[in-house]
Each structure stands twice: as structure tokens, then as C-alpha cells.
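Okay, so here's the structure we're looking at.
We did not get these values from a lab; they are worked out from the coordinates using the rules stated. In this text the structure is predicted, and so the values were computed from the model without any measurement. Using ideal geometry, Cβ is built from the backbone for each residue, glycine included, and neighbour counts are taken over all protein chains shown.
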Amino acid sequence: MSLPESGNPLSVTSADSMKAEVFSSVAAKTLSIEEMEAIAKRLRRHIITMIGKAGSGHPGGSLSAVEIVTALYFKLLRHKPSDPQWSDRDRFILSKGHAAPVLYAALAECGYFPVDELSTLRQLDSRLQGHTDRTVTPGVEMSAGTLGQGLSFAIGVALAGRLNAQDYRVYVLLGDGECDEGQVWEGAMAAAHFKVDNLVAIVDNNGQQIDGWNRDVMNLEPFNKKWQAFGWHVIEVDGHNLSQLIDAFDQAKLVKGQPTVIIAHTIKGKGVSFMENNPDFHGKAPNAAEVEIALKELE
Ligand SMILES: Cc1ncc(C[n+]2csc(CCOP(=O)(O)OP(=O)(O)O)c2C)c(N)n1
């Protein structure tokens, strides 16, 4: 399948919306790793461009999550961009709401709203605010920004699916720094207690948070063992390796009676040399010259 340079790889020109839906899901399932890598690169370009234009935002933690979000939206999730509220959709919940740009980039590329709209990031009256707002943005499941809440929210959504006998799955993306929040561990206990096996948490384990390295701010190790001790099935992957991510998501589907967490080892600022592992770009926009260099690196 050949992908257009920009625009919606999953969109079709047919006027028949039913056909379009079928095409969307089939096309997403059949994308090759190379095609998904091309999408990942496009998401990175969108992130840099929109944050650069806005003059504020969070590039580091958006760039580290690109492959995680790509694997979900372009391979794993059962969703209908033309019907964001479709009741049987799989749910993706971005708990680290400051990484909104990576979600907006994926939603636009899937066709939830026009790619051009990405340039309105953080403007007054835009549907794309700095932190996610489920009341205005098609495809956004949770209003976030206050760290620590997404796992609890996701457990509620997953339990609702169970109560309603729906077979959708729930994916929630947490930051590793976010795991300093006590509410994350209350949620972890509850999810295991209630055997919420339609829930997968992914931790974007980029090693850093707002003030620098986690090991200096609040040591999380032994992270894997903590999740295990709380009753979770734990998988560790290279969070920039799409094949490993897809395998992990597939493996999680087979786990019964307990929730799964995927600890995705990533690099903050991945893909842009001067942003990689650089806490300065946690919450700072690149200036015009930096945008130019970054886009050159992402050609
Ligand atoms: C409850 C709460 N406390 C503090 C903040 C400010 N804040 C925004 S991002 C961030 C660091 C988050 O680190 P991490 O979860 O590792 O995100 P990433 O490094 O992936 O961007 C902090 C402390 C917040 N948004 N919410």
C-alpha cells in the first residue's frame, strides 16, 4: 500500500461511508512495519511543527511515545475515525495529557479531523488545547493534564465494558514520572483485585520527568518487580520497536485474570538529536531555527 506524503493514510475517497469503514480497518491491519515507520516519522514531524508554531508545548514526552501510539492507532485498535463515539471501539486513554501533540497527530492522520487543524494547537477556541479535552476533540477519551488519574479512569471504563458485556479493550498510556503519583498505585492494586484483564497499561519509560532523571528525583526501581508485586502481568519492550510493541499487545490479549503492563523503554525527545535525553525540551517549544534543524533530521 502506498501512503500519501501527508494527509490521511486510512482515508478513502469513496462516498460510501460503510465501505470507508471497512477499508479503514482492513488497511490498518495490513500496514507493513516499514509503512508504520513512515507514519511514525510523519507524527514526529507534526509534533515538531505544531509545537514550534504554538510556541509552547511538550515535545520530549510526545516524541518518546510516537511508536507506542502508532502501533495502537495503526495496527491494534478497533476504531472508526468517522464515528469516534462508536460504542464497541477499543479505548485509548492518554493519562500523560501533556503529550497531547502525539495523540492529535495520530488522530489527524487517522482522519478524526483534518491534518491542517494541527496548526491550531494551543490557540484560543481551537479544538486542540495544550492538554486533552474530551468535550471538544473527536477521538479524545479523557480530559487529562493532572497526572496520576488516567489509570483509575481506565479501570472504570474497562469495568463498564465488562458490566455491559462488551468486548472492547482499554489501553492507557502513563509516564514513568507520572508513576510517582500515589493514585497510580491505588489503581494498580484495584485493577489486579478486580482481575481487569481487558486493560493494558503502557508506561512510556523514558527515564526522565519535568526536572530531570527519575533516578535523581524519585527512584522507581525495581519498577518491573513493583508491578508484579501489585499483581500485574509485566512485559518489557524497546518502546521504539514497532514489532516488539505489536507482539506485546498481542501477548496481552492472551492474558486472563490479571491486567497487563507494558514497560516501554524509550528515549525522551526521540528522533531529534538535540532533544534526545534533554530535559530542557520536556516543556519547551523549539524556536524557528530549531524547528528547521529538527525537520531536516526527520526527512
Ligand atoms: C498532578 C500533577 N503534578 C505535576 C504536573 C506537572 N507536570 C507536567 S509533566 C510532568 C512530568 C511528567 O513526567 P513523565 O510522566 O515521565 O512524562 P514524560 O517524561 O513522558 O513527558 C509534571 C511533573 C502535572 N501535570 N500534574
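Annotation: amide H of Val172 within the under-5 Å range of Ile93, Val200, Ala201, Ile202, sequence separation 5 or more or interchain, hydrogens built in the peptide plane. In a fully extended conformation the segment linking Glu37 and Ser119 would gain 27.3 nm over its present Cα-Cα distance, using 0.36 nm per residue.
With θ taken as phi - 60° and the Karplus curve 6.51 cos²θ - 1.76 cosθ + 1.60 applied, the whole-hertz 3J(HN,Hα) list for segment 240-246 is 10, 9, 4, 4, 4, 5, 5 Hz, x standing for glycine and proline.
Figure the gain on full extension for Val255 and Asp211 (residue separation times 0.36 nm, minus the Cα-Cα span) and round it to one decimal in nm. If you can, show how the numbers build up before the last one.
Values: separation 44, 0.36 × 44 = 15.84 nm, distance 3.59 nm.
Roughly 12.3 nm would be gained on extension.
When the Cα positions of Gly257, Ala288, Leu245 are compared along the charge dipole of segment 222-299, Gly257 comes out farthest toward the positive end, with charges on each C-beta of Lys, Arg, Asp and Glu. Charges were assigned to the Cβ only: +1 to each Lys and Arg, -1 to each Asp and Glu. The resulting dipole of the chain about its Cα centre is roughly 560 debye. For Glu37, Glu67, the sequence from fewest to most other C-beta atoms within 10 Å is Glu37, Glu67.
Beta bridges assigned by DSSP with both partners in the chain are antiparallel in approximately 10 percent of cases. Between the residues Gly177, Met189, Ala160, the greatest Cα displacement towards the positive end of the dipole of segment 159-218, with unit charges on the Cβ of Lys, Arg, Asp and Glu, is found for Ala160. In sequence order, segment 170-184 has phi-based couplings of 10, 10, 10, 9, 10, x, 6, x, 4, 6, 6, 6, x, 4, 4 Hz under the Karplus curve 6.51 cos²θ - 1.76 cosθ + 1.60, θ = phi - 60°, and Gly or Pro positions carry x.
Each other residue within a Cβ distance under 9 Å of Gly207 adds +1 if Lys or Arg and -1 if Asp or Glu, for a net charge of +1.
What's the whole-number percent of alpha carbon pairs in segment 113-186 lying beyond 17 angstrom?
On the way: 1508 of 2701 pairs.
Tail of the P(r) past 17 Å holds 56 percent of the pairs.
For segment 188-198, 3J(HN,Hα) computed residue by residue from phi via the Karplus equation (6.51, -1.76, 1.60; θ = phi - 60°) reads 4, 5, 5, 4, 6, 4, 8, 6, 7, 8, 9 Hz, glycine and proline entered as x. Cross-link pairs exceeding 27 Å between alpha carbons, from the set Lys96/Lys226; Lys96/Lys225; Lys41/Lys268; Lys253/Lys296: Lys253/Lys296. The Asn224 and Ala288 beta-carbon pair, evaluated with R₀ = 41 Å, returns a calculated FRET efficiency of approximately 0.45.
Tell me the trypsin sites (Lys or Arg not before Pro) within segment 151-258 that lie in a loop according to DSSP and have at most 15 other beta-carbon atoms within 10 Å. Numbers along the way, then the final one.
On the way: sites: Arg162, Arg169, Lys195, Arg215, Lys225, Lys226, Lys253, Lys256; in loops: Arg169, Lys195, Lys256.
When the trypsin sites (Lys or Arg not before Pro) of segment 151-258 are filtered for loop state and at most 15 Cβ neighbours within 10 Å, Lys195, Lys256 remain.
Near the amide H of Gln209, under 5 Å away, which other amide H atoms are found, from residues 5 or more places off or on another chain, if H is placed in the peptide plane? Placed amide hydrogens put Asn214 under 5 Å from Gln209. In units of the rule-of-thumb radius 2.2 N^0.38 Å, the chain shows an alpha carbon radius of gyration of 0.94.
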